[in-house]
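Taking it in order: structure first as structure tokens, then the write-up.
Since every read-out is calculated from the coordinates, none of them should be taken as a lab result. Since this is a predicted model, take the numbers as computed values, not measurements. With ideal geometry, Cβ positions are generated from the backbone for all residues, glycine too; neighbour counts draw on all protein chains shown.
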Amino acid sequence: MCFFTGSYGDYQWLESYPDLDTFIKTCPQSVLGKFLVITSVDSGEFRAAATLDGWRVSEGIAYSPRIDSIDDLPEDAFYSFSEWYIYDVPTQVGRISKENIFASEIAPPDVFTFVNYFGFSFSNPEMQPVVELFWKQLNWMRPVSYVADGANGIISPASNGMAFVSRDPICFQSVRRSMENYIWPYNSPGK
């Protein structure tokens, strides 16, 4: 499988092919036993979370109960342009900001959604000004991991795709191994 990797501070990242649903089925260890903070689903607020048992929505952000099985994840949380922050404990992060990211301070309680910047990619040199703002936000939010599905297309240095970021080296290596062993349908023999 083709993917890009790198690091920033104590976080490691990878970008790859699959959509969020495939990623979670391939790498359930990334969310099991954790709590999700969802800042974007299909480029907007995850309003359906308000009707789900144990979930809550506050100031544009959805908060999950502890995820004990991938079956606990709502089906409609897997659309493209979804962004999840993953924590070991329930964590309130703030509010979704609608301000101009380039004219605003990146600091609590304002949370910006980066997955919705078309072309957002750690490996895309043209996106580095936005990526630097992402790292600034991640440094104050301090999730264990972050996962985003920018589009259902193939990741390249110029386009969105699935991204996984983690400061847990064991989790990151486990996800990386799972992704290395994943056989993307379009790369299989005879395709």
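Structure notes:
- Count Lys and Arg as plus one, Asp and Glu as minus one, and take only other residues whose Cβ is under 11 Å from that of S97; the net charge is then -2.
- Set of aspartates and glutamates with alpha-carbon distance to K25 below 17 Å, sequence-local pairs under 8 removed: E15, D68, D71, D72, E75, D76, E83, D149, E180
- Of the two radii for the chain, the radius of gyration is 0.94 times the Kirkwood radius, both from the alpha carbons; that is the Rg over Rh value.
- Simple rule: put +1 on each Lys or Arg Cβ and -1 on each Asp or Glu Cβ in the chain, find the dipole, and look at L52, V37, P143; the Cα lying farthest toward the positive end is P143.
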